[in-house]
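For reference, the structure discussed in these notes is given below.
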Amino acid sequence: MPEIPDLEAIREYFNERIVGVEITQAEGLIPHVIRTGAADFAATLTGNRFGTTLRQGKFLLMPLADERILVVNPMLTGRFQYVEPKQKKYAKTCFVLTFENGKQLRYSDALLMGKIYVVAPEQLATLPVFGEMGPDALAVSEEEFRARIKKHPGQIKNVLTNQKFLAGLGNAYSDEILFEARLDPFRKRSTMNDDDIGRLYAAIHKVFDRSIPILRDHFRDELDYQEWREHLKIHRKGAPPGAAKDEGRCPRCGLHISEISPNQRITSWCRNCQK
Ligand SMILES: [Zn+2]
């Protein structure tokens, strides 16, 4: 699932390349993903131009010259490509935008769970999930973070990934943040003291400050986005069955990384370093 670092890097990539460039052709290929209608999508985007792409939580907001906004929520498997038209299209390509510079921006989605809208700015708050999101995890102040987290007593990983608490954190980066903060993902927030909460807030910025430049470099040339997770320290870094003895160890203490996957969502952590 694309999370804040992925979407920040993609957003910057777009802003360096497509701002003000005319869209000469717009095709909505898989209508049900385009919630506001494929015909309206094509009619609105053809001949239009993007302004500066913004991000709120896991939504990309791509404002258009006519003041409407293309909103993309890629969910689990939404992927972007910015390529030459001759490059092969993915099977589940939902839309293709062709620009006057000859390049194409494509969005594909293997599970078709992503959601795309073209809306006026005042309609944003009515979109599912969007209107109920908490402040963005990258923008929230420490004071607001401390105040909001008091209302969530449950297991800390569930709190972090609750979009109503904070927008933008998903399964992978919440594991990284909890590893950085040395907090057990299953620990109840109600057992955490002020120091723990401060360490957690600092860890969000440490993890993002390290990850965003790595992804930015990764997308420098051609954007053909597949999940890039090499730089993560703990999430899905456990040893697979039959791995060598030195694989899957905590980069901090050297013990084996623990992994469980309730509800098919893998949580990885170190039982020694994270209390
Ligand atoms: Zn450890």
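Taken together, the values in this text are just the output of simple stated rules run on the coordinates, not laboratory data. In this text, all values refer to a predicted model and were calculated from it rather than measured experimentally. Cβ coordinates were reconstructed from backbone atoms using ideal geometry, including for glycine residues, and neighbour counts include every protein chain displayed.
Computed quantities for the displayed model
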| quantity | calculated |
| --- | --- |
| Ranked Asp109, Asp246, criterion: other C-beta atoms within 10 Å, fewest first | Asp246, Asp109 |
| Candidates Pro185, Pro240, Pro135: whichever shows maximal mean-square fluctuation once the chain is modelled as a Gaussian network with Cα springs under 10 Å | Pro240 |
| Quotient of Cα Rg and 2.2 N^0.38 Å for the range 25-164, N being how many residues it contains | 1.18 |
| Environment charge of Phe130, counting only residues whose C-beta is closer than 14 Å and scoring Lys/Arg +1, Asp/Glu -1 | +2 |
| In order through the range 26-37: 3J(HN,Hα) via Karplus (6.51 cos²θ - 1.76 cosθ + 1.60), integer Hz, x for Gly, Pro | 10, 10, x, 8, 10, x, 6, 6, 8, 5, 9, x |
| Global geometry of the range 188-227, whether rounded, prolate or oblate, following the gyration tensor of its Cα atoms and the 1.5 cut on a/c | prolate |
| Cα gyration tensor, the chain - rounded (a/c under 1.5), prolate or oblate | prolate |
| MRE, 222 nm, helices only [DSSP H, n ≥ 4, -39500 (n - 2.57), over the chain, to nearest 500] | -8000 deg cm²/dmol |
| The range 30-52-the range 75-99 distance, computed between alpha-carbon centres (Å) | 14 |
| Sequence of Ile156, Ile18 once ranked by neighbouring C-beta atoms within 10 Å, starting from the fewest | Ile18, Ile156 |
| Long-range HN-HN contacts of Gln25 with modeled amide H, under 5 Å | Gly47, Thr98 |
| The range 193-275: GluC sites (Glu not before Pro) in DSSP loop, at most 10 other beta carbons within 10 Å | Glu230 |
| P(r) histogram, all alpha-carbon pairs of the range 142-269 included - 5 Å bins from 0, percent | 2, 10, 19, 22, 19, 14, 10, 4, 1, 0 |
| Cross-link table Lys92/Lys237; Lys88/Lys237; Lys151/Lys188; Lys88/Lys115; Lys164/Lys233; Lys58/Lys115, entries beyond 21 Å C-alpha to C-alpha | Lys92/Lys237; Lys88/Lys237; Lys88/Lys115; Lys164/Lys233 |
